[in-house]
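Q: Let me begin by handing over the structure; questions about it come next.
The values are calculated or read from the model by the stated rules, or taken from the named source; none is laboratory data. Everything numeric in this text was worked out from a predicted model, so none of it was measured. With ideal geometry, Cβ positions are generated from the backbone for all residues, glycine too; neighbour counts draw on all protein chains shown. Only protein heavy atoms, including side chains, enter the accessible area calculation; ligands, DNA and RNA are left aside. Shrake-Rupley method; radii C 1.70, N 1.55, O 1.52, S 1.80 Å.
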Amino acid sequence: MSDASESADDFGLTRRTLLKAGGASAGAAALGGCLSSPGQTDSSAGGTAKAYGNCWQCHKLCGMEVTLENDGDEQVATEIHGIDGHPRGSAGEGTKGTLCPKGLSQLEKAYSPKRIKQPYVRKDGELEAVEWEEAFQYAADRLAEFKAEHGAESLIEFHGWGTTGTFSTLFGNLYGCPNSVPHPTPTCFGSMAVTGTLMGLGGGNIRWVDYPNTKYVLVWGRDPLDTFAGQWEAKQLLQAKERGATIVTIDPVYTETAKKSDKWLPIKPRTDGALALAIANVIIEEELYDEEFVENYTHGFDAYRDAVEGKTPEWAAEKTGLDAEDIRDIALGFGRAAPNAGITSWTGLGQSADHQKGAQNLVALTGLVGNIDRPGGQRWFASASLSNPFKVGCEAELPDNAAENRCYLTDPDAGYASLTKKPVQNNVPRMVEDGVINGMVYYYRNPVTDGATQEWLGTEEKTGALEEMDLVIGIDAFWSETTRNADVVFPESSQLEKPMLGSGGYGAYNTKTWVTGSGAAIDPQWNTKPGFDIIQGLGRAMGYDEFFVWDDKEQYINDQLSEIDLTLEELEAEDTYVLTGDFGYEKWKDGGFAQGADTFWFDLDKKLTGAYEKLSEQVGAEIGTGPQWVPPGTISDELTEEYPLEMLDARTVEFSHGGDQALSKPLEQLAETFDLEHEDYRGNYLVMHTDDAAERDIENGDMVTISSSHGEAELMAFVTEGIRPGAVSVEPYGFGRGSIQPDEEGANNMILNRPDQIDPISGEIDRHIAISVTPAGGEH
């Protein structure tokens, strides 16, 4: 291991939580079952054994080594540790594997008494506990009745990052449901993802920097030291800094990454597009751009050059609130380091209608300096090739019954899709009200906390969409308002209780493909089942036996691994991961750009002319197809005297979306992060600047009410100088009404979101909302 690797592994990665996460052990309740994991190996000491797992709390698959101890005739998981060299849990070969608080919390999750412990079905208006066979048959009968009455096109499918790919196979290919709301486009970073894909970079590739070779990194609207895509990313970013790379963070919030950066630019929210144009202006004026790449591999450079003309650092300083010299310095630094310079951006430019053009301006920088899939720039990772288990294990040919039915979500004539024919999740409650959608199935997803919460759950004046639907079927681990309103509730096992497999992509190995996988470390607790077993059991009850032919998930995984002549047992024998192949740089030379495009698109004139014409009509402003400055409030909320603050929201290292808010240890760690553990409160926090707080007679630890034109919620204030005045941030989201947080403490800030607050281009839910903040009756 190099000195840099050792130093990065020992670095305090996040606030205080990783330092306070304590040992990897936890007091597991004596609820473990007998173990049958194929990867389990006996230890030579004291009645213990070793098993493996892959953490799925933020769906990044960091490798876990699990210690099992005897408890009478049973074994329980008592410790979890990272796996050295793991592609997601370490910085690479010869480096230490670790887990973040989310990973360490899997011990508590496995044995949490707050979990849903057995299946439920609704009888005479009430949820009643039943056995699995009855639950499967009940759901199958209800789905058959639903199709006969409404048609499969009246069902909608919500899926997040579930641990099995068979969910959409069952409801789409077989049942025929065409309405699928995926993750992440409408709920995570759609304004950036859709834009990046259309331009040729690829939706997620604005996040990935080739850290081992980079000299300069713009961390733009992202906090990879706190909300990383696996431990590898935080560690490699720190390694890059230790090697001498310049790190610049552009964010309204003084994030963990900002604290360890060479420069923090506290930009005014929704002005990122102006900054990106000014950076391009300097790079073009100083002739630092990649002329060969621009001439041979791009489209629309003349329109881009025209867009940046006159957009000087001084011009951008007035828009962004930043210093003109700082803007010039980072433009020169980035331009001179390129192509060994990268940008990592994510939700910061992905969750507002006004950000769509900002995202285009930012992505354009990668084409300008020609850093795409070049050493030190934007890395295009490659994944190991796996077999389609339905082609390996099934004799019957899988149909595509969904293709025969009308998809109301994406059909432009139906009136519910975005201008690029993407799903708009916020329109689903209206679709229910219109009678277009009458049922919902969901897995690893809670749509009521994503947006338009009031329309989903209802108010005193109006019934919500959840209650209006004829059929709701969910697969979940904890109770929430969504599960309590369902007609069928299937309780899913936790990560430690089910086999896992992932085939890579981004990770610590920047030139190697890989696979990682593990069997179940412990048996399913109570009367729960892994997601694969649930879907296969339901599929068989629905009459699709010929397509659900596996004895268990291990056999299904082995069919997937047959492409690379590997089995799950062999994979576990290699500490859960195997490097499978090599890939190089500049893959666009032979394979083209995203979606098979021959060039990188600065100007989307041949793709989205009609969409932008319609958008211009909607907002009463001229919005073209090329890079452009769109001031805040042009499409989304304008700040007013009544609602003068701009609300943002974020994840934290303790939580990913809404998956572990029911666990006590992450809640305690979150309180410690904000130095508010002495308060009798375990919800989320409103981060606000000291000046904004003083103006409203708010002190640190006070309960406050956040209000928009649509709704209000209550949470605790964290007062700091580490955020730009005028901006407030809900950290983390996923709490309050509709969540799995006990007693729903904290705020679901999407109660403040109106259904029409979306990005019309991508369909992304707009999370930048104009609000007021007032005291909620003094200290909590």
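Q: What percent does the relative contact order of the chain come to when contacts are Cα pairs within less than 8 Å and at least six residues apart?
A: On the way: 1879 pairs, mean separation 147.5, N = 780.
Relative contact order, the chain: 19 percent.
Q: A further question follows. Taking only C-alpha pairs under 8 Å that are 6+ residues apart, what is the relative contact order of the stretch 510-573 in percent? Please list the in-between numbers first.
A: Numbers: 28 pairs, mean separation 26.5, N = 64.
It rounds to 41 percent for the stretch 510-573.
Q: Additional query: Out of residues 5 or more away from T580 or on other chains, whose amide H comes under 5 Å of its own, with H placed 1.01 Å from N in the peptide plane?
A: Under 5 Å from the amide H of T580 lie the amide H atoms of T513, W514, V515, each far enough along the sequence or on another chain.
Q: Check E79: other-chain or 5+ apart residues with amide H under 5 Å from its amide H, H built from backbone geometry?
A: Amide H neighbours of E79: T67.
Q: In vacuum, with every alpha carbon of the stretch 394-453 counted as one equal point scatterer, what does the Debye formula give for log10 I(q)/I(0) at q = 0.17, 0.20, 0.26 Å⁻¹? Two decimals, please.
A: -0.70, -0.89, -1.22
Q: Would you tally the net charge around F602, using a Cβ to Cβ cut-off of less than 15 Å, leaving F602 out, and scoring K and R as +1, D and E as -1? Intermediate values should be presented prior to the final figure.
A: Values: positive: R305, K311, K357, K606, K607; negative: D290, E291, E295, D302, D306, E309, D598, D603, D605.
Result for the neighbourhood of F602: -4.
Q: Shifting gears a bit: Does the stretch 288-373 come out rounded, prolate or oblate, given a ≥ b ≥ c as the square roots of the eigenvalues of its C-alpha gyration tensor, rounded meaning a/c under 1.5 and, failing that, prolate meaning a/b above b/c?
A: Numbers: a/c = 1.42, a/b = 1.24, b/c = 1.14.
Rounded, since a/c falls under 1.5.
Q: What FRET efficiency comes out for the pair E149/D590, r = Cβ-Cβ distance, R0 = 51 Å, nearest 0.05?
A: In this case the efficiency is close to 0.50.
Q: When a/c reaches 1.5 or more, the comparison of a/b and b/c decides; with that in mind, is the stretch 603-685 rounded, prolate or oblate per its Cα gyration tensor? Spell out each step's value before the answer.
A: Numbers: a/c = 4.23, a/b = 2.37, b/c = 1.79.
In terms of gyration-tensor shape, prolate.
Q: Can you list residues from other chains, or at least 5 along the same chain, whose modelled amide H is less than 5 Å from the amide H of L127?
A: Long-range HN contacts for L127: none found.
Q: Another one. What value, in deg cm²/dmol to 500, does the helix sum -39500 (n - 2.57) over DSSP H runs of n ≥ 4 give at 222 nm once divided by the residues of the chain? Mind dumping the intermediate values first?
A: Working: 26 runs with 214 residues, N = 780.
Only helices count here, giving -7500 deg cm²/dmol.
Q: Which shape class, rounded, prolate or oblate, goes with the stretch 274-338 when its Cα gyration tensor gives a ≥ b ≥ c as root eigenvalues, a/c under 1.5 marks rounded, and past that a/b bigger than b/c marks prolate?
A: Working: a/c = 2.91, a/b = 1.57, b/c = 1.85.
Verdict is oblate for the stretch 274-338.
Q: Over the stretch 596-679, what is the relative contact order in whole percent, taking alpha-carbon pairs under 8 Å and six or more residues apart?
A: In percent, rounded to a whole number, it is 16.
Q: From the gyration tensor of the Cα coordinates in the chain, what semi-axes in whole Å does the equivalent ellipsoid have, largest first, with each one equal to sqrt(5λ)? Mind showing how you got there, number by number?
A: Numbers: eigenvalues 289, 188, 160 Å².
Three semi-axes, in Å: 38, 31, 28.
Q: Oh, and also: Starting from one equal scatterer on each C-alpha and no solvent at all, send me the Debye-based log10 I(q)/I(0) for the stretch 698-763 at q = 0.12, 0.15 Å⁻¹, two decimals.
A: For the requested q values the scattering log ratios are -0.37, -0.57.
Q: Within 10 Å of each candidate Cβ there may be at most 14 other Cβ atoms; applying that plus a DSSP loop requirement, which GluC sites (Glu not before Pro) in the stretch 260-297 survive? Could you put the intermediate results ahead of the total?
A: Details: sites: E285, E286, E287, E291, E292, E295; in loops: E286, E287.
Those satisfying the criteria are E286, E287.
Q: I've got another one for you. By DSSP, what percent of the beta bridges with both residues in the chain are antiparallel, rounded to the nearest 5? Each step should come with its number before you reach the end.
A: Numbers: 56 of 99 bridges.
Of the beta bridges lying entirely in the chain, close to 55 percent run antiparallel.
Q: While we're here: Work out from phi, with θ = phi - 60° and the Karplus expression 6.51 cos²θ - 1.76 cosθ + 1.60, the ³J(HN,Hα) of each residue of the stretch 530-541, listed in order in whole Hz, and give x for Gly and Pro.
A: Along the stretch 530-541, the couplings run x, x, 4, 5, 5, 5, 5, x, 5, x, 5, 5 Hz.
Q: Determine, from the Cβ-Cβ distance of D141 and T690 and an R0 of 60 Å, the FRET efficiency 1/(1 + (r/R0)^6), rounded to the nearest 0.05. Present the calculation step by step, with values, prior to reporting the outcome.
A: On the way: r = 59 Å, r/R0 = 0.99.
Calculated transfer efficiency: 0.50.
Q: Right, another one. Which ³J(HN,Hα) values in Hz, rounded to whole numbers, follow from the phi angles of the stretch 727-735 under the Karplus curve 6.51 cos²θ - 1.76 cosθ + 1.60, where θ = phi - 60° and Gly and Pro get x?
A: 10, 10, 10, 7, 9, x, 7, x, 10
Q: Right, something else. Taking all protein chains as present, what is the carbon and sulfur share of the accessible area of the chain, in % to the nearest whole number, probe 1.4 Å? Please report the intermediate quantities before stating the final value.
A: On the way: 11380 of 27000 Å².
That fraction is 42 percent.
Q: Just need log10 I(q)/I(0) for the stretch 589-734 at q = 0.14 Å⁻¹, Debye formula, equal scatterers on the alpha-carbon atoms, no solvent, rounded to two decimals.
A: -0.83
Q: Turning to a different aspect of this structure: Provide the per-residue ³J(HN,Hα) series for the stretch 745-751, in order, calculated from phi with Karplus coefficients 6.51, -1.76, 1.60 and θ = phi - 60°, each as a whole number of Hz, with x at glycine and proline positions.
A: For the stretch 745-751, the Karplus curve yields 6, x, 10, 8, 5, 7, 5 Hz.
Q: Let me ask something else about it. In Å, what is the Rg of the alpha-carbon atoms in the stretch 147-193, and how long is Dmax?
A: In order Rg, Dmax, the Cα atoms of the stretch 147-193 give 12.3, 40 Å.
Q: Express the Stokes-Einstein translational diffusion coefficient of the stretch 423-535 in µm² s⁻¹, to the nearest whole number, given a Kirkwood radius over alpha-carbon pairs, 20 °C and a viscosity of 1.002 mPa s. Could the numbers behind the result be given before it?
A: On the way: Rh = 16.4 Å.
Rounded, D is 131 µm²/s.
Q: Still on this model: Can you give me the accessible area per residue for the chain, using a 1.4 Å probe, in Å²? Before the final figure, lay out each step's value.
A: Values: 27000 Å² over 780 residues.
Ligands and nucleic acids excluded, the result is 35 Å² per residue.
Q: On to the next question. If you average 1/r over every pair of different alpha-carbon atoms in the stretch 371-429 and take one over that average, what Kirkwood value in Å do you get?
A: Details: mean 1/r = 0.0629 Å⁻¹.
Taking the inverse mean of 1/r over all distinct Cα pairs, the stretch 371-429 comes out at 15.9 Å.
Q: Next question, about the same structure. Largest first, how would W601, W526 line up by accessible area (1.4 Å probe)? The partial results should precede the final answer.
A: Values: W601 35, W526 85 Å².
I get W526, W601, largest accessible area first.
Q: Starting from the coordinates of the alpha-carbon atoms of the stretch 236-359, obtain the Kirkwood hydrodynamic radius over all distinct pairs and give the value in Å to one decimal.
A: Values: mean 1/r = 0.0653 Å⁻¹.
Its Kirkwood hydrodynamic radius stands at 15.3 Å.
Q: Bin width 10 Å, origin at 0, all Cα-Cα pairs of the stretch 294-428: what percent of pairs per bin?
A: 9, 23, 27, 23, 13, 5, 1
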